[in-house]
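Take a look at the structure set out below.
The values are calculated or read from the model by the stated rules, or taken from the named source; none is laboratory data. Small disclaimer: the values here were computed from a predicted structure and weren't measured. Here the Cβ is made from the backbone with ideal geometry for all residues, glycine too, and neighbour counts use every protein chain on show. Quick note on the areas: whole protein, heavy atoms, side chains included, nothing else; ligands and nucleic acids left out. Shrake-Rupley method; radii C 1.70, N 1.55, O 1.52, S 1.80 Å.
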Amino acid sequence: MSNLRSMRVISMYRESARLLVSRTYAAGGAKKKGSKGGAAGDAPKASTLSKEVKSTTVVGASILKDGTDPKVMADAEYPEWLWHLLDKRPALSELQRKDAETLPYEDLKRFVKLDNRARIKENNSVKAKN
């Protein structure tokens, strides 16, 4: 009786080990033989939310477990700095070409930061070669 029980335990361990070892890809990642891509499972799924809800709320932006999604406000209700977050900032080479005396404070801070970073990278590469 104990031999039978130990055989079951051993077979259970082997089965679980085989499942753990054989699973190397994400679920659903394996393709069927002969398929050429563009499978029906890859198609975007239709949304269950109405267009009105999508246009008035930011769906999925709630950070609280029981919270509701925030409403979209008019552009005038958002702070001014928000609209400048994605503005392109000048690169180090562009800042080096300009006169440091005439740079605005924000660009001068950026120039010092980028220049220090470039100098540190150069010193590290020189040390790595030696």
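Scalar couplings 3J(HN,Hα) for segment 108-123, obtained by applying the Karplus form with A = 6.51, B = -1.76, C = 1.60 to θ = phi - 60°, are 5, 4, 5, 4, 5, 5, 5, 5, 4, 4, 5, 5, 5, 4, 5, 4 Hz; x denotes Gly and Pro. Rounded to the nearest 10 square angstrom, THR102 shows an accessible area of 100 square angstrom against a 1.4 Å probe.
The modelled label-to-label distance for the pair LEU86/LYS121, using points 7 Å beyond Cα in the direction of Cβ, is 2.6 nm.
In this label model, LYS109 and THR48 are separated by 4.6 nm, measuring between points 7 Å along each Cα→Cβ vector. Can you figure out the FRET efficiency of ARG97 with ASN130, using R₀ = 25 Å and their beta-carbon distance, to the nearest 0.05? Once the sixth-power term is evaluated, E becomes 0.20.
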